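The values are calculated or read from the model by the stated rules, or taken from the named source; none is laboratory data. Quick caveat, the model's predicted, so the values are computed rather than measured. Cβ coordinates were reconstructed from backbone atoms using ideal geometry, including for glycine residues, and neighbour counts include every protein chain displayed. The area values use the complete protein model at the heavy-atom level, side chains included, leaving out ligands, DNA and RNA. Shrake-Rupley method; radii C 1.70, N 1.55, O 1.52, S 1.80 Å.
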Amino acid sequence: MNDIDAHQTIFKKMNQAKYLFPSDYMADPSAHVFDGKIYIYPSHDWESGIAENDNGDHFDMRDYHVFSMEEVDGEVVDHGKVLSIEDIPWAGRQLWDSDVAHRKGKYYMYFSLKDKTDIFRLGVAVSNTPYGPFVPQNNPIKGSYSIDPCAFEDDNGTHYLYFGGIWGGQLQFYRDNKMVAGADVPHFHENALSAKVARLSDDMLEFAEAPHELVILDENGKPLTQGDTDRRFFEASWMHKYQGKYYFSYSTGDTHLLCYATGDNPYGPFTYQGVILTPVVGWTTHHSITEYKGKWYLFYHDSVPSGGKTWLRSMKVVELTYDDNGLIKTIEGKVQNK
């Protein structure tokens with residue numbers, strides 16, 4: 001084998017995705033390193049029998065499990081059900097994407113759920129361990145709305161919550177953090193709807209401030225427009241830092257891409273940089289990015305095991321790499337899996 005063939009073999013192996021839990025349908029994996037292990041917090045898909053529609057009613061999830069692993073290629077441990085819709089006093093339906101943060105010995109699960117009036121809110125549940133169970137607060141976070149929370153801890157210990165999603169995520173109905181009668185997705189030539197970011201209170205249970213707009217700029221420093229569907233934000237916020245830069249990544253939704261933008265502080269603005277993951281089998285692409293033992297990994301899902309049923313997804317992991325300029329190398333979504 002010559003040097004070129006060897007390099008290509010290594011590159012293919014690094015980018016060969018692995019399914020993490022083939023025995024059940026888990027989606028939207030949020031991965032963190034706690035206590036020297038990777039902990040994964042996914043949604044739990046199931047076959048509810050609800051017909052597909054643009055509001056996402058067919059994503060009718062009802063509980064959360066927690067998974068852990070000590071090696072990326074090693075055993076994946078299911079810690080069982082840690083929170084269910086029946087546990088949450090204000091619950092309506094649809095227990096969607098979640099994330100977990102750690103502060104002062106406690107673990108905080110942030111989740112998206114429709115209340116009894118069918119409006120999405122963000123809730124929080126607390127545990128003494130990263131593997132739960134998690135005990136929910138009696139009410140949603142004050143001033144919260146929409147879906148897909150991402151809990152990010154900056155180097156100074158400050159925590160921020162990123163959130164938002166259009167269409168079924170209801171973000172289009174809000175302006176300046178208030179639901180506005182008649183509000184909808186902007187016209188194609190208008191500025192795109194933004195993800196939101198808010199610093200969390202010291203007790204981790206509420207927003208410490210009103211949510212800010214997270215603006216994504218193009219190469220000319222202008223905000224992306226709603227019609228720029230290959231680059232504009234749709235849902236699935238994630239934040240990580242690499243070599244001192246803030247990397248905001250997200251899904252473009254109906255164009256099925258995972259993209260990212262970089263900035264100099266957690267509020268932005270962020271400048272669009274490129275595609276992390278090309279379309280996978282299935283409609284949605286949610287993800288997380290984390291470092292473990294000196295390597296970076298992308299956790300995501302697709303619908304290959306369910307035969308393309310987009311509401312029955314399976315979580316995966318693949319190594320993620322950067323070039324010398326800190327740009328993420330694009331990963332092909334429809335590649336051979338382990």
Within the stretch 79-110, the residues that are among the acidic types (Asp, Glu) and open to solvent by 60 Å² or more (accessible area, probe 1.4 Å) are GLU86, ASP87
Residue list for the stretch 153-170, filter: touching a Ser or Thr at 6+ places or on another chain (Cβ under 9 Å) and in contact (Cβ under 8 Å) with a residue 60 or more places away in the chain: TYR162, PHE163, GLY164, GLY165, ILE166, GLY169
Since ARG121 meets every condition but one in (1) over 30 Å from GLY36 (Cβ atoms); (2) part of a loop (DSSP other than H, G, I, E, B), which condition does it not meet? (2)
Residues in the stretch 263-282 that are of a type outside the set (Val, Ile, Thr) and not in a loop (DSSP other than H, G, I, E, B) total 6
Go through the stretch 156-179 and give me each residue that's assigned to a loop (DSSP other than H, G, I, E, B) and either open to solvent by less than 10 Å² (accessible area, probe 1.4 Å) or touching a Gly at 6+ places or on another chain (Cβ under 9 Å) (or both). GLY164, GLY165, ILE166, ASN177
Test result for ALA125, without any contact (Cβ under 8 Å) to a residue 40 or more places away in the chain and small (Gly, Ala, Ser): no
Name the pairs: first residue in the stretch 84-111 and touching a residue at least 60 places away in the same chain (Cβ under 8 Å) and under 15 Å from ASP202 (Cα atoms), second residue in a loop (DSSP other than H, G, I, E, B) and among the β-branched types (Val, Ile, Thr), Cβ to Cβ under 8 Å, at least 6 apart or on different chains? TYR107/THR129
If I filter the stretch 199-221 for residues that are basic (Lys, Arg), buried (at least 19 other Cβ atoms within 10 Å of the Cβ) and farther than 16 Å from HIS301 by Cα, do I get at least one hit? no
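Filter the stretch 41-55 for residues that are within 17 Å of VAL82 (Cα to Cα) and surrounded by fewer than 24 Cβ atoms within 10 Å (Cβ to Cβ) and give the result.
Of all residues in the stretch 41-55, those within 17 Å of VAL82 (Cα to Cα) come to 41-46.
Across the stretch 41-55, the qualifying residues are HIS44, TRP46.
Conditions tested, residue by residue: (1) in contact with a Ser or Thr (Cβ under 7 Å, 6 or more places away or on another chain); (2) buried (at least 18 other Cβ atoms within 10 Å of the Cβ); (3) free of Cβ contacts under 8 Å to residues at least 24 places away in the same chain; (4) of a type in the set (S, T, N, Q).
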{"site": "TYR246", "(1), (2), (3), (4)": "yes, yes, no, no"}
{"site": "SER249", "(1), (2), (3), (4)": "no, yes, no, yes"}
{"site": "THR284", "(1), (2), (3), (4)": "yes, yes, no, yes"}
{"site": "SER288", "(1), (2), (3), (4)": "yes, yes, no, yes"}
{"site": "ARG313", "(1), (2), (3), (4)": "yes, yes, no, no"}
{"site": "ASN325", "(1), (2), (3), (4)": "no, no, yes, yes"}
{"site": "ILE328", "(1), (2), (3), (4)": "no, yes, no, no"}
